[in-house]
Amino acid sequence: MTIQKILIYLFNKFDFGFDIEIKNFDNIKRIINSKYNKKIDISNFTINFNIDDVYINKKINNMLMQYGIVVIRDYYKNKNSINSIAFNINKFLKENKNSIVKKLISIAEIKSINNELKIVQREYYANNKKSSENNDEGMIEIFNVDKLSINILDTCNFINSDIILNLINNMGSNLKITNHNLYINESVNKTRYLHVDSLIPEFKVFTYLTDVTDRSYGPYSYVPFSHKNSLINMFNMFINWFFMRTYIVTTSTLCDNNRAIEIYGNIGDIIISDQRGIHGGVPQKVGRNRIVLVSTIK
């Protein structure tokens, strides 16, 4: 019996939520995508921030649990402060462009950075093997940006507000904010394919420091409900490992791109995302710029 037949047997044997006999990977892909064929849009998991709403925590938590993502509009009221941060970041990068490391960077290296301040411009992203994937080539990532001597610390600290901390407590007692990174995308059109970050609880808070009002700016995208399908995501990893070796193992090769909803927003909006769910970026048009503060919770 081939590995493919074994995997298809396991897929039928265990309860993945399907009762259809699976003959090949095309059928598997079709059935998996039918799981995400929900007639919803961004309004289903979007809430306007109101500090006086005594039920705000419960509303946010319920959306996150149901959809795997919640968009909080106007979370940061001080737009001038955020505009100042974006200006200072761009100024800093221009003044220090010669010190930015341009390199191939692996998943293992990213995980080893820990609390070190590091600035990397991605040239190519590989996992110790030849890869057919794009991975945000040209994107500048500042790891642990709160250690940088620009006025971004207040924004990082605001992530530690009662709203976010209460939400973290609801997610799990052992979870905590581990780091704040900054993504700077300018004309990045080779974005990584849809993927998952983890099979265990991990969340990210994305803060738009620039307006992302349409797909030309390269918005974050997410497949609602996909955070609930860890078995499917694990199965996809098996498929990648045995049959699609040129892809990173966590790439969601069985999920169609059109299942992801693009998350547009304005300065001060935040997105809280369950990283067990399928997500990715959208290629930018030439000349578009996007700056996002990314806070990891795990």
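The numbers here are math on the coordinates, done by the rules we state, and not lab data. Just so we're clear, the structure is a prediction, and the values are computed from it rather than from any experiment. All Cβ positions, glycine included, derive from the backbone under ideal geometry; neighbour counts span all protein chains shown.
Counting only Cβ charges, +1 for Lys and Arg and -1 for Asp and Glu, the dipole size of segment 24-66 around its Cα centre is about 300 debye. Taking the Cα atoms of segment 44-297, the ratio Rg/Rh between the radius of gyration and the Kirkwood radius comes to 0.94.
Highest-first packing order for the peptide set 62-70, 276-284 is 276-284, 62-70, based on the mean count of other beta carbon atoms within 10 Å.
Each peptide in 73-81, 136-144 gets a packing score, the mean of other Cβ atoms within 10 Å over its residues, and the list from highest to lowest is 136-144, 73-81.
Would you mind checking the pairs K77/K228; K39/K77; K58/K204; K102/K147; K77/K176 and listing those with alpha carbons more than 22 angstrom apart? Too far apart for the 22 Å limit: K77/K228; K39/K77; K77/K176. Counting beta carbons within 10 Å around each of I270, I119, I60 and listing the fewest first gives the order I119, I60, I270.
The distance linking segment 205-222 with segment 55-105 is 9 Å (Cα centroid to Cα centroid, whole angstrom). Each Lys and Arg Cβ is given +1 and each Asp and Glu Cβ -1; about its Cα centre, segment 142-298 then shows a dipole of about 480 debye. Sorting the segments 190-201, 251-262, 220-231 by their residues' average number of neighbouring beta-carbon atoms within 10 angstrom, most packed first, yields 220-231, 251-262, 190-201. Note on segment 229-290 and segment 23-51: Cα centroid distance 12 Å, given to the nearest whole angstrom.
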